[in-house]
Amino acid sequence: MPVNLLDFDSERLASFFAEIGEKPFRARQVMRWIHQLGEAEFGRMSDLAKDLRAKLDGCAVVEPPSVMSESTATDGTRKWLLSVGTGNGIETVFIPETDRGTLCVSSQVGCALECAFCSTGRQGFNRNLSVAEIIGQLWWAKKALGHDPRGERVISNVVMMGMGEPLANFDNVVPALRLMLDDNAYGLSRRRVTLSTSGLVPLIDRLRDECPVALAVSLHAPDNALRDRLVPINRTYPLNELLAACVRYLDRAPRDFVTFEYVMLDGINDSPAQARALVDLVKSVPCKFNLIPFNSFPGTQFRTSPRERILAFQAILAEAQLVTTIRKTRGEGIDAACGQLAGQVQDRTKRRLATRIVAAPSP
Ligand code: SAH
Ligand code: SF4
């Protein structure tokens with residue numbers, strides 16, 4: 001079986017090159033061909049010696065997931081459905097804004113964590129994505145989006161906010177993050193790569209130690225009783241442990257705040273009293289808030305909070321000096337919003353197993 005070079009970060013690519021008797025600078029050269037120039041054919045890597053190209057052809061491939069479909073919304077948001085085998089599909093979304101372009105990347109086929117308001121969670125869990133399948137989303141999007149005429153990066157930011165819980169796939173997500181940051185690959189700033197987690201405390205600590213990037217935490221409730229219902233992983237890692245992990249993370253984080261995401265659910269978590277409780281809860285954590293209007297999906301019992309309730313909630317946080325943004329709805333008509341990245345998830349029977357893995361304490 002040939003190895004897929006898209007699975008390798010720079011360290012692993014260098015050791016693979018050593019194994020086949022090649023120098024480290026050759027590995028860097030191939031890395032630039034693959035990730036900066038989007039080249040998958042060794043034969044077209046024109047500045048490599050012919051015998052090296054032939055050697056690579058004999059033992060390696062560059063194999064991203066294949067694109068099943070692509071759609072573009074009127075606001076320029078683009079979405080790709082990528083095949084990851086056996087009828088499964090994952091989604092990647094590009095959101096253009098005036099001062100940046102953000103790619104929203106998936107980390108798993110489905111999700112095992114069953115947050116009550118999330119359509120990915122509703123679909124169940126099939127499997128973790130490989131490094132190639134995670135970085136392959138950026139590889140495709142960069143190729144499809146082409147160059148900015150002013151020479152600026154088209155994709156300036158990446159958020160791990162697509163399908164799946166990225167920390168539950170730590171071993172593949174971290175090499176993919178390293179590739180995003182690597183100057184011979186995508187060269188993104190650590191501050192512009194954000195990982196969003198529902199709160200797997202031991203893995204937040206590991207991320208801080210192994211590859212700190214900007215951190216977003218899905219809070220969604222001001223107290224344990226409600227968060228236990230909305231984000232069931234809270235029963236394993238309750239709020240005091242989660243907030244302490246956020247403070248520890250900030251020791252080494254590229255930004256000096258954590259972003260708390262808070263989905264606005266009508267009549268559930270959106271009252272002024274809950275906003276005040278939230279202010280009190282986070283008083284020891286340098287943070288910003290991002291309020292996300294709930295994106296509805298078929299079969300859900302939740303509704304999004306009315307606009308004036310969201311604004312009132314925001315005002316209470318702002319009064320307490322907490323910088324609070326309200327997420328804009330983007331990609332309407334192509335279902336490209338948070339929690340709507342449905343993909344295609346076959347064989348969801350592995351949910352139990354995955355929940356056990358996720359909840360296991362770190363060694
Ligand atoms: N698993 C990670 C990242 C993926 S979800 C996490 O939970 O953080 C990205 C964000 O979308 C999270 O904040 C999640 O809570 C939110 N989300 C999920 N379903 C949603 C929905 N239906 N409407 C609005 N936001 C949703
Ligand atoms: Fe998984 Fe995140 Fe959805 Fe929760 S919100 S089910 S952790 S993808």
Hits in the stretch 267-306 (condition: farther than 16 Å from residue 227 by Cβ, polar (S, T, N, Q) and part of a loop (DSSP other than H, G, I, E, B)): 284, 295, 296, 300, 301, 305
Name the single residue, out of those in the stretch 151-164 being away from ligand 1 (no atom under 16 Å from the Cβ) and open to solvent by 30 Å² or more (accessible area, probe 1.4 Å), that is farthest from residue 129 (Cα to Cα). 151
List every residue pair whose Cβ atoms lie under 8 Å apart, where the two residues are 6 or more positions apart in sequence or sit on different chains, the first residue falls within the stretch 215-228 and is without any contact (Cβ under 8 Å) to a residue 12 or more places away in the chain, and the second residue, located anywhere, is within 15 Å of ligand 1 (Cβ to nearest atom). 228/234
I'm trying to understand the selection: among the residues of the stretch 165-185, which are over 20 Å from residue 258 (Cβ atoms), in a loop (DSSP other than H, G, I, E, B) and open to solvent by less than 20 Å² (accessible area, probe 1.4 Å)? 185
Within the stretch 65-78, restricting to residues that are open to solvent by 30 Å² or more (accessible area, probe 1.4 Å) and not charged (D, E, K, R), the one that is modelled with the lowest pLDDT is 74
Against the definition (away from ligand 2 (no atom under 15 Å from the Cβ) and either out of contact with any strand residue (DSSP E or B) (no Cβ under 9 Å at 6 or more places or on another chain) or more than 19 Å from residue 117 (Cα to Cα) (or both)), how does residue 192 come out, yes or no? yes
Within the stretch 101-116, considering residues that are near ligand 2 (Cβ under 9 Å from one of its atoms) and surrounded by fewer than 24 Cβ atoms within 10 Å (Cβ to Cβ), the one farthest from the chain's Cα centre (by Cα): 116
How many residues are modelled with pLDDT under 95 and within 14 Å of ligand 2 (Cβ to nearest atom) when one looks only at the stretch 128-160? 0
The one condition in (1) surrounded by fewer than 24 Cβ atoms within 10 Å (Cβ to Cβ); (2) in a loop (DSSP other than H, G, I, E, B); (3) within 11 Å of ligand 1 (Cβ to nearest atom) that residue 148 fails to fulfil: (3)
Which residues, counting only those in the stretch 209-231, are farther than 23 Å from residue 104 by Cβ, more than 14 Å from ligand 2 (Cβ to nearest atom) and touching a helix residue (DSSP H, G or I) at 6+ places or on another chain (Cβ under 6 Å)? 222, 224
Please go through the stretch 307-333 and give me each residue that is in a loop (DSSP other than H, G, I, E, B), more than 21 Å from residue 120 (Cβ to Cβ) and open to solvent by 50 Å² or more (accessible area, probe 1.4 Å), ordered by number. 321, 323
Can residue 69 be described as in contact (Cβ under 8 Å) with a residue 12 or more places away in the chain, touching a helix residue (DSSP H, G or I) at 6+ places or on another chain (Cβ under 9 Å) and among the small types (Gly, Ala, Ser)? no
Among the candidates 90, 34, which residue alone is in a helix (DSSP H, G or I) and either without any contact (Cβ under 8 Å) to a residue 12 or more places away in the chain or under 30 Å from residue 163 (Cα atoms) (or both)? 34
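The values are calculated or read from the model by the stated rules, or taken from the named source; none is laboratory data. Worth saying up front: this structure is predicted, and the values here are computed from it rather than measured. Counting neighbours? That spans all protein chains shown, and the Cβs are built from the backbone with ideal geometry, glycine included. Keep in mind that these areas ignore ligands, DNA and RNA; they rest on the heavy atoms of the full protein, side chains included. Shrake-Rupley method; radii C 1.70, N 1.55, O 1.52, S 1.80 Å.
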